[in-house]
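Here is the structure we will look at, set down as structure tokens.
Read the figures in this text as sums done on the coordinates, not as results from a lab. On a predicted model such as this, the values are computed, not experimentally measured, just so you know. Don't worry about glycine lacking a Cβ; one is built from the backbone with ideal geometry, like all the others, and counts go over all protein chains shown.
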Amino acid sequence: MKSKLKRFEINAGRENVIEPGKEIYFQVKGKWKELYFKNTNALTVELACGRGEYSVGLARKFPNQNFVGVDIKGDRLWKGSTWAFEEGLKNVGFLRTQILTIESFFDESEVDEIWLTFPDPRPRKRDIKRRLTSPRFLDLFKNILKPEGWFRFKTDNTGLFDYTLEELNQRRDIRELKFTHDLYQSSLQAECFDIKTRYEEMFSAEGEKIKYLRFKFDKNQIQK
């Protein structure tokens, strides 16, 4: 408990953590580039980022792009925040909020790309609406993504991956969909830049194959 409270205290003093209680928390919508990053570079968002391995990894590889990791757990965000702080990465920040409120922090078509990496699979039927690839979440992501923006999804969970493919195939607004059930035996591997989260390393060590897909929304088409 003391360790978690200490992390919260550190987050409160860090500029790269945007969370309740900070003035910028209510100002960034539509202004990430000018207000927070102070440049006009492309903006990528990692949803449910956990410790932020992907956000930080991408920020290292692409110094001329902006990255925001989003998660509700402040103690997890502390880890990514610390990596970025210690490495002097100014092109990555962390937003503490529920994913359902994402439209309160990103304007329509403000985001160039979205990553969703190893989210909670929510296997119980009663939790289907809480899956981050369920229709209500996909509609949120469609709104904040630019028309040519990629949505990229990685998971070890076969059930969640198959559910996601089924949902996407039922929609009329999905285009350029490509996927693989075995990323590291696929031509799509290069798209993931060899960045691995803690969960990916753990599940891969247990023999789980990593699944990956990416697509664009057709913003001129309704959902169904």
- From the phi of every residue in the range 189-194, what ³J(HN,Hα) in whole Hz does the Karplus formula 6.51 cos²θ - 1.76 cosθ + 1.60 yield, where θ is phi - 60° and glycine or proline is x? 4, 4, 5, 9, 6, 6
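For the range 15-62, what class follows from the C-alpha gyration tensor (a ≥ b ≥ c being the square roots of its eigenvalues): rounded when a/c is under 1.5, otherwise prolate if a/b is larger than b/c, else oblate? Mind showing how you got there, number by number?
On the way: a/c = 2.22, a/b = 1.26, b/c = 1.75.
In terms of gyration-tensor shape, oblate.
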- Item | Residues whose placed amide H lies under 5 Å from that of ARG51, excluding near-sequence neighbours | none
- Would you work out the relative contact order for the chain, in percent, from Cα pairs under 8 angstrom that are 6 or more residues apart? 19 percent
- Item | Difference of contour (0.36 nm per residue) and Cα-Cα distance, ASP139 to LYS4 | 45.2 nm
- Helix 158-170 vs. the chain, principal-axis angle (Cα, 0 to 90°, nearest 10): 70 degrees
- Task: State the antiparallel share, in %, of DSSP beta bridges confined to the range 101-224, rounding to the nearest 5.
- Result: 65 percent
- Here, ARG175 and GLU34, labelled 7 Å along Cα→Cβ, have an inter-label distance in nm of 2.9 nm
- Message: Compute, for the chain, the length of the dipole vector about the Cα centre, with Cβ point charges of +1 (Lys, Arg) and -1 (Asp, Glu) only. Units Debye, rounded to 20.
- Response: 560 debye
- Take the alpha-carbon centre of the range 77-104, take the same for the range 43-66, and report the distance between them in whole Å. 9 Å
- Query: In deg cm²/dmol and to the nearest 500, what is the mean residue ellipticity at 222 nm of the chain if only DSSP H runs of at least 4 residues count, each as -39500 (n - 2.57), divided by the residue total?
  - Reply: -9000 deg cm²/dmol
- Quick shape check on the range 1-144: root eigenvalues a ≥ b ≥ c of the Cα gyration tensor, a/c under 1.5 is rounded, otherwise prolate if a/b tops b/c, else oblate, and it reads oblate
- Query: What share of the DSSP beta bridges in the range 2-217 is antiparallel, in percent to the nearest 5?
  - Reply: 35 percent
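Averaging sequence separations of C-alpha pairs under 8 Å and six or more residues apart, then dividing by the length of the range 1-67, give the relative contact order as a whole percent.
20 percent
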- Task: Quick one: dipole size for the range 14-144, taken about the Cα centre, charges +1 on Lys/Arg Cβ and -1 on Asp/Glu Cβ, in debye to the nearest 20.
- Result: 580 debye
- In debye, nearest 20: dipole of the range 114-209 around its Cα centre with unit charges on the Cβ of K, R (+) and D, E (-)? 600 debye
